[in-house]
Amino acid sequence: MNRRTALVAGGATLLLAGCGMTSTQGADAGSSGAPQLYRITPATAEAIPFRLLDSVNTLRSHKSAQPLAFNAALNAAALTHSRDMSVQNRPWHFGSDGSSPLLRTQRVNYTGTFLGEVISETYQTELETLSAWMAQPDTRDVILDPRAREVGFAWFQEESGKIWWTLLTGA
């Protein structure tokens with residue numbers, strides 16, 4: 001996935017625009033015209049998963065898909081992969097040890113069926129990242145998969161501000 005921000009047409013755009021993101025929270029241009037760094041603080045970190053889950057479930061409801069619930073094992077697999085992508089300094093679906101998303105979910109004892117993974121390397125907020133995922137058919141299909149019932153979501157932010165996002169779905 002590239003780093004460009006894409007706008008999602010229709011209701012998703014309105015949804016994401018209405019989530020209360022301010023220029024001090026996001027990567028909006030400041031008075032100098034340069035993008036502001038999205039720095040995840042401990043207070044922000046508590047809200048991020050729930051903002052993302054609420055947004056995903058709203059998008060899924062528009063496609064008559066059941067809402068997702070967080071799964072601790074999938075969250076753990078997502079966090080492990082976000083950190084590992086940072087170590088590798090590349091966004092891809094294989095771990096530094098050659099592990100696949102399926103193997104990573106097995107390692108954390110996920111008892112459901114692994115369905116998909118979406119990843120991103122960005123300086124953008126979780127909602128901007130979700131918008132970019134929704135703009136691409138392959139990642140949108142993972143998020144809106146009607147078979148999915150569970151989700152894992154995590155990130156790792158480097159000192160530079162770069163954020164590695166991982167979302168996993170399962171049934």
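Only one of (1) surrounded by 19 or more Cβ atoms within 10 Å (Cβ to Cβ); (2) at pLDDT below 95; (3) polar (S, T, N, Q) fails for Thr44. Which number is that?
(1)
Please determine, by comparing only the residues of the stretch 151-165 that are over 10 Å from Leu68 (Cβ atoms) and aromatic (Phe, Trp, Tyr), which one is farthest from the chain's Cα centre (by Cα).
Ranking the candidates gives Phe156 first.
I need every pair where a residue in the stretch 67-96 that is farther than 11 Å from Thr169 by Cα has its Cβ under 8 Å from the Cβ of a residue that is assigned to a loop (DSSP other than H, G, I, E, B) and of a type in the set (D, E, K, R), sequence separation at least 6 or different chains.
Short answer, once both residue conditions are applied: Ser86/Glu158; Ser86/Lys162.
Go through the stretch 71-84 and count every residue that is open to solvent by less than 60 Å² (accessible area, probe 1.4 Å) and either within 21 Å of Glu158 (Cα to Cα) or part of a loop (DSSP other than H, G, I, E, B) (or both).
Within the stretch 71-84, residues that are open to solvent by less than 60 Å² (accessible area, probe 1.4 Å) and either within 21 Å of Glu158 (Cα to Cα) or part of a loop (DSSP other than H, G, I, E, B) (or both) number 8.
Hey, among the residues in the stretch 113-127 that are part of a loop (DSSP other than H, G, I, E, B) and either hydrophobic (A, V, I, L, M, F, W, C) or open to solvent by 10 Å² or more (accessible area, probe 1.4 Å) (or both), which one's nearest to Val151 (Cα to Cα)?
Thr113
Please verify whether the stretch 155-169 includes one or more residues that are of a type in the set (Gly, Ala, Ser) and either in a strand (DSSP E or B) or over 18 Å from Ala45 (Cα atoms) (or both).
No, the stretch 155-169 contains no residue that is of a type in the set (Gly, Ala, Ser) and either in a strand (DSSP E or B) or over 18 Å from Ala45 (Cα atoms) (or both).
Condition first: in a strand (DSSP E or B), within 15 Å of Val56 (Cα to Cα), touching a residue at least 60 places away in the same chain (Cβ under 8 Å) and within 11 Å of the chain's Cα centre (by Cα). Can you find one or more residues in the stretch 131-150 that meet it? Talk me through it step by step, then tell me what you get.
Within the stretch 131-150, the first condition is being in a strand (DSSP E or B), and the residues that meet it are 150.
Checking which are within 15 Å of Val56 (Cα to Cα) leaves us with 150.
Filter again for touching a residue at least 60 places away in the same chain (Cβ under 8 Å), leaving 150.
Now drop any that are not within 11 Å of the chain's Cα centre (by Cα), which leaves none.
Taking every residue of the stretch 131-150 in turn, none turns out to be in a strand (DSSP E or B), within 15 Å of Val56 (Cα to Cα), touching a residue at least 60 places away in the same chain (Cβ under 8 Å) and within 11 Å of the chain's Cα centre (by Cα).
So, in the stretch 101-112, exactly how many residues are open to solvent by 50 Å² or more (accessible area, probe 1.4 Å) and either touching a strand residue (DSSP E or B) at 6+ places or on another chain (Cβ under 6 Å) or among the basic types (Lys, Arg) (or both)?
So the answer is 2.
Each row is one residue, and each column tells you yes or no for (1) among the aliphatic types (A, V, I, L, M); (2) open to solvent by less than 40 Å² (accessible area, probe 1.4 Å); (3) under 22 Å from Ile40 (Cα atoms).
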residue	(1), (2), (3)
Gln66	no, no, no
Ala69	yes, no, no
Ser86	no, yes, yes
Asn89	no, no, yes
Thr129	no, yes, yes
Asp145	no, yes, no
Glu150	no, no, no
Phe153	no, yes, yes
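The values are calculated or read from the model by the stated rules, or taken from the named source; none is laboratory data. This one's a predicted model, so the numbers in the text were calculated from it and none came from an experiment. Every residue, glycine as well, gets a Cβ built from its backbone with ideal geometry; the counts of neighbours run over all protein chains shown. These accessible areas exclude ligands, DNA and RNA; they are computed on the full protein's heavy atoms, side chains included. Shrake-Rupley method; radii C 1.70, N 1.55, O 1.52, S 1.80 Å.
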